[in-house]
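Visitor: Dumping the structure here so I can ask a few things about it.
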Amino acid sequence: MAKNKTTQANAGTEVSKSKAKREERRKQVQKAKREARAARIAGIAVALIVGAAIVVVVGKQLYIMAIRTTPGTEYSAGLTADGKIENADMATALTLADYKNISVPEDEVAATQEEVEDEIESMLESYKELSTDADLVIADGDEVNIDYVGTVDGVEFDGGNSGGAGYDVVIGSGSLVDDFEQQLIGHKPGDELTVEVTFPEDYNEEMAGKDASFAVTVNGIQKTPELTDEFVAENLADTEEVSTVAEYRTKVEEDFHKDHLQDYLSDYVVENSTVNTYPSKYLKATKSILKYGDTNMGMEDEDEIAYEKELTERAKEQVKEAMVYQAIFEDAGLSFDIDAFFAEQTTEESKEYAESIKEMYGEGFIAQSEMRKMAIEHLVGLYQ
C-alpha cells in the first residue's frame, strides 16, 4: 500500500512538472509572437519613414525640375519686332506713376563741387605727357618713367630688367621694393644712377633678404597740363563744344545735374508704378537671360530653390522697368524706326556690324533698348 501511495505521489509530481513545462512553452510562444509582432510594427514604421523620406526627396526634385530656369540668350524672346512686350496692354497690366508731375528736390540732383573737381582732374590726367625737360626735378608724388637693370653680386636676375619698355612709378606709392622710389627724388630726366636696395625676408625664395643694385635711367616726368582757356580751346572745343574754362566748368556741372536728374526720375517712376499683371512669356525669357549671365559668372546658389526665387525677383524688377518705359513711350506718343536705326549703324560702323548685332540680339531687343532711351530722354526733358 505504501508503495502505491508513493507511485501516485510521483505521478502527481510528474503531472505538475509537465504542466509547468507546457505553461513555460506557452509563455515562450506568446513572447515570440509579441516580439515578432513588435518587429513587424517597427519594420512597418521604418518603411513608412523611409517611404516618406523618399516621397519628400522625389517631391523636392520634381518641384526643382518644375521651377528650374533654362539659361538662354534669346534676347528678343517675348518681344515684338518693334520692341513691345508681346500680349501685354500697358494700360491694364501697369498702373503708371504720374511722371509728368514729379516734385524734384534740387539739392539731390545738383552737381557737387567734389565731383566736378574730380571730373576735371580726371580729364586733365588723360592729357598728361612725359616731359624730358632736364630742368625738372623729381619730387615726392611725381609720376616718373624709368628703365632699370637689377643685379645681385653683379649678376642680373630674372624680372629685374625693364627691357627698355619704360616703367611708370609714383614716388611715395611704395610699389617698388625697399626705398627704391625715395632714391629717385632730386634727380632729373636724363639722369643715370644706381639704386641700392635690400629685398625683404618675406619676398620670393630666390630674392628674399638679398642686396641688389639697379642701374636706373630717368626717362622723364609725367606732367599734367593746367586748366587754362588756351588748353580748353585747343583740346575741348570740338568734343565738348566749349572754349573757356568757365564754359567747361558749367558744362561739367550741367552734365552731372542731368545724370542725377535722370537717376532720380527713373527711380521715382519705377518705384511709384505698380505692376498689375506680369507678362509670363517675357518674364520667363528675362529669367533665362539673367541665369545665362549668372551661370557664366559662377553666381548660381547651391540652394537651387532659393536661387530660383531670387532670380524671379530680379527678373520681375527688370520686367517692371521695361513695362514702365514702354508705358511712357506709348503715353508720350513717341516712335522708333528700326530700319532707319540699322541704316545708321551701317553708315557709321559697317554693314557687317549692323548685321552682327541684329543676329546677336534680334530686332525686338534692339528696338526695346532704343525705346527705353527715348522714354528716359523724354522724361528728363520734362524737367530741364
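The values are calculated or read from the model by the stated rules, or taken from the named source; none is laboratory data. As the structure is a computational prediction, the values presented were derived from the model and not from experiment. Reconstructed Cβ throughout: ideal geometry from the backbone, glycine too, with neighbour counts over all protein chains shown. Protein only, heavy atoms only, side chains kept; ligands, DNA and RNA dropped before computing areas. Shrake-Rupley method; radii C 1.70, N 1.55, O 1.52, S 1.80 Å.
Visitor: Compute the semi-axes of the equivalent ellipsoid of segment 210-358, taking the square root of 5 times each eigenvalue of the Cα gyration tensor, and list them largest first in whole Å. Intermediate values should be presented prior to the final figure.
Guide: Values: eigenvalues 360, 178, 86 Å².
Listed largest to smallest, the semi-axes of segment 210-358 are 42, 30, 21 Å.
Visitor: How many angstrom lie between the C-alpha centres of segment 113-135 and segment 249-267?
Guide: Result: 23 Å between the Cα centres.
Visitor: Once the Cβ-Cβ distance between Thr277 and Lys309 is put in as r, and R0 is 22 Å, what FRET efficiency do you end up with, to the nearest 0.05? Numbers along the way, then the final one.
Guide: Working: r = 20 Å, r/R0 = 0.90.
In this case the efficiency is close to 0.65.
Visitor: Rounded to the nearest 20 Debye, what is the dipole magnitude of segment 230-381 about its Cα centre when Lys and Arg each give +1 and Asp and Glu each give -1 at the C-beta? Display every interim value, and only then the final one.
Guide: Details: 15 positive and 37 negative charges, 156 e Å.
Its charge dipole is roughly 740 debye.
Visitor: For segment 173-259, I need the span (max minus min coordinate) of the C-alpha atoms along each principal axis, in Å, sorted largest to smallest.
Guide: Extents along the principal axes, in whole Å: 56, 33, 18.
Visitor: What is segment 121-280 by shape, rounded, prolate or oblate, if you read a ≥ b ≥ c off the alpha carbon gyration tensor as root eigenvalues and call it rounded for a/c under 1.5, prolate for a/b larger than b/c, and oblate otherwise?
Guide: Details: a/c = 3.96, a/b = 1.76, b/c = 2.26.
Verdict is oblate for segment 121-280.
Visitor: Same structure again: Report, to the nearest whole %, how much of the accessible area of segment 286-379 belongs to carbon and sulfur atoms, 1.4 Å probe, protein only.
Guide: Working: 2460 of 5250 Å².
C and S atoms contribute 47 percent here.
Visitor: Under a straight-distance cross-link criterion of Cα-Cα below 14 Å, which aspartates and glutamates are reachable from Lys223, leaving out those fewer than 8 residues away in the same chain?
Guide: Glu121, Glu125, Glu129, Asp133, Asp135, Asp140, Asp142, Glu143, Asp168
Visitor: So what is log10(I(q)/I(0)) for segment 277-384 at q = 0.13, 0.14, 0.23 1/Å, when the Debye sum runs over its Cα atoms only?
Guide: Result of the Debye calculation: -0.65, -0.74, -1.18.
Visitor: Of the peptides 158-171, 70-83, how do they stack up when ordered by the mean number of other Cβ atoms within 10 Å, highest first?
Guide: Averaged packing, sorted descending, gives the order 70-83, 158-171.
Visitor: Kindly give Rg over Rh for segment 241-313, based on alpha-carbon atoms, with the Kirkwood expression for the hydrodynamic radius.
Guide: Details: Rg = 20.4 Å, Rh = 16.3 Å.
Result: Rg/Rh = 1.25.
Visitor: Now for a different question. Ordering Ser369, Ser173 by accessible area with a probe of 1.4 Å, largest first, what comes out?
Guide: Details: Ser369 35, Ser173 65 Å².
Reading off the accessible areas and sorting them downward yields Ser173, Ser369.
Visitor: Of the heavy-atom accessible surface of segment 84-211 (probe 1.4 angstrom), what whole percent is carbon and sulfur?
Guide: Values: 3210 of 7620 Å².
Here it works out to 42 percent.
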